[in-house]
1. What residues qualify as long-range amide H neighbours of Gly133, i.e. H under 5 Å apart, gap of 5 or more or another chain, H built at 1.01 Å from N?
2. What length, rounded to one decimal in nm, is gained on full extension from Gln417 through to Glu292, with 0.36 nm per residue of separation minus their alpha-carbon distance?
3. With +1 on each Lys and Arg Cβ and -1 on each Asp and Glu Cβ, how big is the dipole of the stretch 78-154 about its Cα centre, in debye rounded to the nearest 20?
4. Tabulate in residue order the Karplus-calculated ³J(HN,Hα) for the stretch 234-247, using 6.51 cos²θ - 1.76 cosθ + 1.60 with θ = phi - 60°, rounded to whole Hz; enter x for Gly and Pro.
5. Hey, got a sec? Which chymotrypsin sites (Phe, Trp or Tyr not before Pro) in the stretch 234-287 land in a DSSP loop and have at most 14 other Cβ atoms within 10 Å?
6. I'd like the FRET efficiency for Thr190 and Gln379, computed as 1/(1 + (r/R0)^6) with the beta carbon distance as r and R0 of 60 Å, rounded to 0.05.
7. Going by Cα centres, the stretch 132-183 and the stretch 361-402 are how many Å apart?
8. Shape verdict for the stretch 55-110, please, from the Cα gyration tensor: rounded (a/c under 1.5), prolate (a/b greater than b/c) or oblate.
Amino acid sequence: MSRDTTDTTDRRTLLKLTGGAGLVGLSGCLSTTDDGGEGGEGGEGGEGGEGGDGGDSTEAYEIGMVDSQTGSLSAFGERNQRGVNLALSRVNEIGINGRDLDIVVEDSESENQGGIAAAQKLVNQDGVPFLIGAVGSGVSLAIYESVIEGTDVVQLSQNSTGLNLTEFPGLLRMSPSGRSQSLALSNLITDDGYDEVAITYVNNDYGQSLTDAFVDAYDGEVVYNTPHDQDQQSYSSVISEMNSSGADAWLFITYQAEFATMVNEVYSSGYEAQFYGADSVSGDNVLENTPEGSIEGMKIVVPSAPVEEENYQSFADAFESEYGRQPTSWAAYAYDCVINAALAIQAADEFSGAALQDTVRRVSGPEGEEVTSFEAASQILADGGGPDDVDYQGVSGPINFDENGDPVGFLQVLEVQDHAYEGIDFIEG
């Protein structure tokens, strides 16, 4: 994956969209700041804010987001920000009790320490009671354990799929657990007739947890199972060892940049195998940085939105009209994070972490009336309804956080055909 930083800025960035402003490109709506604002104490989750009814104040509600604007996961961060922009425009066209929603965005640099520093700034300096973040599973978990745990601040990850997050029910996520991916990959490789597989995975929580789940589910023999580090100039030894294993099926659980490097080394070495991959090996950056034909026939299991549903199609149409491209599931997850946060704020008795902890799950729970837009859900609340009267159905699918903070999962199987990704199957899991 090339390090495309067209839409990135410094770590200290402030994303502000207001009602009537419409959508703007990411680089046009970000301004840099180092002052940290006048937020309240981080441990109290923004206690200094007005109540959920807004009182007489017209000051915008301010929440935080930790995203990958630079580093190995920056392509995901770029997709996220498109979804965030679109969601903010929807929210601020209606307003929350007559007020706008603003999001302060900080860059994790796709690393644990960067994520912790970003979250500390948002929680301890800006005093946000609600934090969207992060992309990488290890980064999300590091933020939770170092900054969020023990406070009232709500953390809702936009993209993390690592299995271990399920063990932390206070850490919510919009994207499904990778366990369903691992099971689907196991079934896919078995159904394709392969009884041996060679695996390499990125050496972090995401890679380890998905690989462990795959190994537990796979009925065949895993003849090679070795981690690799991020950001290496070459993975020739890994590729050589996979080739020497004798397996005809190779499974890659890594990121786009690392995978593209591996593909080029496989191609130049003349090795041949049937490739499989987890979600984070797919993307335009892989296609742009690998030779045509080098990954032909590769199959990848990715989290997916229910693309046949009317609300998703409406979202996709608006997204394409604004950005000239179809959305990814990652943009849909980020979109739903913003809508869920906005509804939680409107439904809460006050704008504090403790109040939002009470409403964040309930506004998308199954007890309420099913609605597919912020406008419809907001109207129920404006008419006197409570959080249990709303069941927001996201563009990424029904949310319905379970007791572990995990949502319902949808998966799609992609196949590389003529150096492009084509959907060949859809799984609800």
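Throughout, read-outs are computed from the coordinates displayed, never taken from laboratory work. As the structure is a computational prediction, the values presented were derived from the model and not from experiment. Methodologically, a virtual Cβ is constructed for each residue, glycine included, from the backbone with ideal geometry; neighbour enumeration extends over all protein chains shown.
1. Sorted by chain and number, the residues that satisfy this are Val66, Leu156, Ser157, Gln158.
2. Values: separation 125, 0.36 × 125 = 45.00 nm, distance 1.00 nm.
Taking Gln417 through Glu292 to full extension adds about 44.0 nm, to one decimal.
3. Details: 5 positive and 12 negative charges, 56 e Å.
Dipole size: approximately 260 debye.
4. With coefficients 6.51, -1.76 and 1.60, one gets 8, 10, 4, 5, 4, 5, 4, 5, 5, 5, 6, 5, x, 6 Hz.
5. Details: sites: Tyr235, Trp250, Phe252, Tyr255, Phe259, Tyr267, Tyr271, Phe275, Tyr276; in loops: Tyr235, Tyr255, Tyr271.
Answer by residue number: Tyr271.
6. Plugging the Cβ-Cβ distance into 1/(1 + (r/R0)^6) gives 0.80.
7. Using only Cα atoms, the two centres lie 22 Å from each other.
8. Taking the square roots of the gyration eigenvalues as a ≥ b ≥ c, the stretch 55-110 is oblate.
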